[in-house]
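The values are calculated or read from the model by the stated rules, or taken from the named source; none is laboratory data. These figures come from a predicted structure and were not determined experimentally. Glycine gets a Cβ as well: all are built from the backbone with ideal geometry, and neighbour counts include every protein chain shown. Keep in mind that these areas ignore ligands, DNA and RNA; they rest on the heavy atoms of the full protein, side chains included. Shrake-Rupley method; radii C 1.70, N 1.55, O 1.52, S 1.80 Å.
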Amino acid sequence: GAVVSQHPSWVICKSGTSVKIECRSLDFQATTMFWYRQFPKQSLMLMATSNEGSKATYEQGVEKDKFLINHASLTLSTLTVTSAHPEDSSFYICSAAYTGTSVYNEQFFGPGTRLTVL
Amino acid sequence: GDSVTQMEGPVTLSEEAFLTINCTYTATGYPSLFWYVQYPGEGLQLLLKATKADDKGSNKGFEATYRKETTSFHLEKGSVQVSDSAVYFCALLHRGGKLIFGQGTELSVKP
């Protein structure tokens, strides 16, 4: 149980185009999804937290107009990198959590999406 | 604010050696603590967790004990295998639901 998928697993795009990455919880309802960015040989940097049906909360320094997040259902969140540039090339990882009786205790991670912008 | 500090890597060991990866944290209260493992090109997998002081998390031969006195959650394994080669992340669950990660420790096990 608690499987999270991401699609695509890798994508190459031209500079200036937009790219959409999907994150799905396959066997549970995810009230909250998180989007992370990881540079080579570095830790995960939280970009934003999205709750189903409401606007995402972005971390300081993350451009909300650049990284559009939509959490339209309890099983799907999308990250759209708009007008991508080479510096947006990175490994993007999502995670999903469900709320128990109080705070959620665990996040389940997707396999990641490798974005390369030419 | 809350933070996690891990020992720097890379750590290189021979097969069957004993492994310790140090992790200390700074936090308000007593957060849940986690170890995640990341294999090359993949996302994170939960390795083990502990939700309160003195809890011991264990999985696949790995262990870590939640020590509130020393604010530590060191990862140990008695005999590593080549297949354990990966990057290991220590993390705490912030009260707001965010995971705070350490910088990661790369482990390389040689046959």
Inset, instruction - May I ask you to list the residues in the stretch B:94-111 that are open to solvent by 10 Å² or more (accessible area, probe 1.4 Å), more than 7 Å from chain A (Cβ to nearest Cβ) and in contact with a Leu (Cβ under 8 Å, 6 or more places away or on another chain)? - result: B:I100, B:S108, B:K110
Inset, instruction - Keeping to the stretch B:38-51, report how many residues are in contact with a Lys or Arg (Cβ under 9 Å, 6 or more places away or on another chain) and touching a residue at least 12 places away in the same chain (Cβ under 8 Å). - result: 3
Inset, instruction - Please indicate, with yes or no, whether at least one residue in the stretch A:6-17 is buried (at least 19 other Cβ atoms within 10 Å of the Cβ) and aromatic (F, W, Y). - result: no
Inset, instruction - Tally the residues that are touching a strand residue (DSSP E or B) at 6+ places or on another chain (Cβ under 7 Å), more than 10 Å from every other protein chain (Cβ to nearest Cβ) and either part of a loop (DSSP other than H, G, I, E, B) or open to solvent by 20 Å² or more (accessible area, probe 1.4 Å) (or both), restricting the search to the stretch B:71-88. - result: 9
Inset, instruction - Output the residue which, of all residues in the stretch A:18-36 that are of a type in the set (V, I, T) and over 12 Å from A:T116 (Cβ atoms), is nearest to the chain's Cα centre (by Cα). - result: A:I21
Legend entry - Test for B:E42: is it open to solvent by 10 Å² or more (accessible area, probe 1.4 Å) and closer than 20 Å to A:R37 by Cβ: yes
Inset, instruction - Might you check whether a residue that is assigned to a strand (DSSP E or B), more than 25 Å from B:L47 (Cα to Cα) and within 14 Å of another protein chain (Cβ to nearest Cβ) occurs anywhere in the stretch A:31-45? - result: no
Inset, instruction - Check B:Y30 against each of (1) under 10 Å from the mean Cα position of the chain (by Cα); (2) more than 22 Å from A:G110 (Cα to Cα); (3) open to solvent by 10 Å² or more (accessible area, probe 1.4 Å); (4) touching a residue at least 24 places away in the same chain (Cβ under 8 Å) and name the one condition it does not meet. - result: (1)
Legend entry - Test: residue in the stretch A:70-91 that is touching a residue at least 24 places away in the same chain (Cβ under 8 Å), surrounded by 14 or more Cβ atoms within 10 Å (Cβ to Cβ) and closer than 22 Å to B:V37 by Cβ: yes
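Okay, residues lined up against (1) of a type in the set (G, A, S); (2) farther than 27 Å from A:Y58 by Cα; (3) in a strand (DSSP E or B):
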| position | (1), (2), (3) |
| --- | --- |
| B:S58 | yes, yes, yes |
| B:C90 | no, no, yes |
| B:G97 | yes, no, no |
| B:Q103 | no, no, no |
Inset, instruction - Please enumerate the residues belonging to the stretch B:17-44 that are of a type in the set (S, T, Y) and either on the phi > 0 side of the Ramachandran plot or not in a loop (DSSP other than H, G, I, E, B) (or both). - result: B:T20, B:T24, B:Y25, B:T26, B:Y36
Legend entry - Test set (1) within 14 Å of another protein chain (Cβ to nearest Cβ); (2) of a type in the set (K, R); (3) touching a strand residue (DSSP E or B) at 6+ places or on another chain (Cβ under 9 Å) - B:K60 fails condition number: (1)
Inset, instruction - Kindly provide the set of residues from the stretch B:53-108 that are farther than 29 Å from A:C94 by Cβ and in contact (Cβ under 8 Å) with a residue 60 or more places away in the chain, ordered by number. - result: B:G78, B:S79, B:V80, B:Q81, B:V82
